[in-house]
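Since the structure comes first, as structure tokens, the remarks are kept for the end.
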Amino acid sequence: MEASYSKFNRVCQILEENNYDKSKLIPILQAVQNEYRYLPEEILVFLASSLNISPARVYGVATFFAHFTLKPKGKHIIKVCDGTACHVKKSTGLIDAIKQKLGLKENEHTTKDMLFTLETVSCLGACGLAPVLLMDENVHGQMTPDKIVKVIDEVIKNEEKS
């Protein structure tokens, strides 16, 4: 019960910071997602009620923009480019290596421990570094399956230290 209350307590703070202004729905959703790493359904309903707008409108905004997600994401986001240049340079091999290293099954994108989420994107704008990926907004170019496994191992090692 305490965890649930604190969850809504933080959302109330975000609403107060935005003066309960329904025209600030996008920044409010961004702040909520920054807090929880996704947009929980119960919070979307709470936001709609608090801003006096329909849940459909809140949900519509949350699903329209690719930046928002309704599913929990891991602490570390790995975005692998599978655009033309990266695909030609075997980005699918990176994806396979990441899935194998993290133990992700066919339709899974987030590890059970919520440490990693794997996403495939169309372009990262770094074609000259193909194949390229982002790990927590850090660009890693000219990647190989062995290199990405080492990057993941380093993240895991750092997590164990903290």
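The values are calculated or read from the model by the stated rules, or taken from the named source; none is laboratory data. Since this is a predicted model, take the numbers as computed values, not measurements. Don't worry about glycine lacking a Cβ; one is built from the backbone with ideal geometry, like all the others, and counts go over all protein chains shown.
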Given the conditions (1) at pLDDT 95 or above; (2) in contact with a Pro (Cβ under 9 Å, 6 or more places away or on another chain), which single one is not true for V58?
(2)
Starting from residues that are in contact with a Leu (Cβ under 8 Å, 6 or more places away or on another chain) and under 16 Å from A62 (Cα atoms), keep the ones in region 16-38 and report whichever is surrounded by the fewest Cβ atoms within 10 Å (Cβ to Cβ).
K22
Criterion: polar (S, T, N, Q), in contact with a Lys or Arg (Cβ under 9 Å, 6 or more places away or on another chain) and without any contact (Cβ under 8 Å) to a residue 60 or more places away in the chain - qualifying residue of T111, T120:
T120
Touching a residue at least 40 places away in the same chain (Cβ under 8 Å) and in contact with a Ser or Thr (Cβ under 6 Å, 6 or more places away or on another chain) - does that describe any residue in region 15-36?
no
